[in-house]
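Beneath this line is the structure, given in structure tokens, with notes to follow.
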Amino acid sequence: MTDPADIDAVPADGLPDRLPCGVPLDNLLRQVAEGIAASDAAHQEACPHCRAGLAELAEFWAPVHRMAGEDVRAPASLTSTIMERVRPMATHGWHAVLTGTPGVTRIAAWVVAVIARRAAAGVPGVGSVRGQVTPPPVSVRSVSAEVVRGGPSSSQRAAAAGVGTAGRRVVIRVDVTADPGISLPTLAHEIRRRVTAEVTTMTGLSVEAVDVLVSDLVEEVDDGPAAR
Amino acid sequence: MTGDSCSGPDDAQLVRRAQQGDAEAFEVLVRRYGDQVFRLALRLVVDRHAAEDIAQEAFVAAWRGIPDFRRDAAFPTWLHSIVLNRARNHLTRARATQRLPEEMPAAAAQQPDAAVQSLHRDKALRAAIRGLPFDLRAPLVLHQFERWSYEEIAEILGLSVSTVRGRIARARRALLTSMREWQ
């Protein structure tokens, strides 16, 4: 390959700079390559050098035009392959930002969601589930996930949280199941209080709102060892 | 080449949503520009597998970088500059372990048939493009195959228009010289 320092130097390619009639070869080549009109059409029509040169260049340049005209399509799997890599980043990649000196602290929305879920799950009357934390596919600058918590006698109840971030402000959505018979407004108030306190204490972020969705009422059932 | 290439939400809307973490909006951009990105990569590296890798890497890099993308710039221009960088990196790495081109054409005199001659010239062209240094190859490909204007190429490569014009002229001469050698 050519030394980059020489990239704009005049090439010693063995081609003439001009045809015998004085017309620059580059002009003819550009005319053929770009399909533009001759700057001196009358001369070209009469000049045997230009006519011969144009014919030769057209022949050599035909493969370039063929390649330019090819209908090139990306492999059908390209979009799905890319999105398989992008979606997990969308789930984990957004941050609330705390500016300070020196440096900037970024807290992933996912982290805020975990804190909120745990806080909500600790409120008496909110269910909990055993297992693991699993991020489901989500979008639009939010993170939601099932929290899975528990011990041998925990019931299968979900507590999920979605988090929107804008600078240091966060809006949190908590999705819970509740025990039957409990006052839901009271439960929601306590969830807001605990989530706000936990997130504020642990992250330093400003909790703008905590939206609570009570999605189900679930009796607590002792699964027992056999149910595990 | 810098306008939206199909109907639906315009690029600015999609970019804004993607900057807010909307993967679905980004997917529309991937579908909208996937063919262009792949084609540009293919023209630059002349290798379908490498072009697919470059297209993937370019879009993933675009997702990572989109929060910092300035909306006053054209999204395709920015995206194509990422492709160019990825292709340059690929070629730099490939040069370290360079092998003979897979489609090195045989001498034309051994192939009398016109159709075979045409095929031979197409292969000669690909070999000639492979032989171009990247700084000539990129402006030539953008202009000759992707139909970008000199001004757009100057913007995407960070060069003056006159430098772009000169490099394209040199690239054409280099291609012509190389292809004549295969005649």
Legend entry - Among the residues listed as A:79, A:91, A:134, A:165, the single one being modelled with pLDDT of 65 or more and among the polar types (S, T, N, Q): A:79
Legend entry - Filter result for residue A:37 (closer than 30 Å to residue B:118 by Cβ, of a type in the set (A, V, I, L, M), at pLDDT 75 or above and part of a loop (DSSP other than H, G, I, E, B)): yes
Inset, instruction - Those residues that are at the interface with chain A (Cβ under 9 Å from one of its Cβ atoms) and under 15 Å from residue B:142 (Cβ atoms), I need them from segment B:27-37; list them, please. - result: B:36, B:37
Inset, instruction - Quick one: which residue in B:50, B:23, B:55 is within 17 Å of residue A:76 (Cα to Cα) and within 8 Å of chain A (Cβ to nearest Cβ)? - result: B:55
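The values are calculated or read from the model by the stated rules, or taken from the named source; none is laboratory data. Everything quoted here is computed from the prediction, not taken from an experiment. Backbone-built Cβ (ideal geometry, glycine too); neighbour counts: all protein chains shown.
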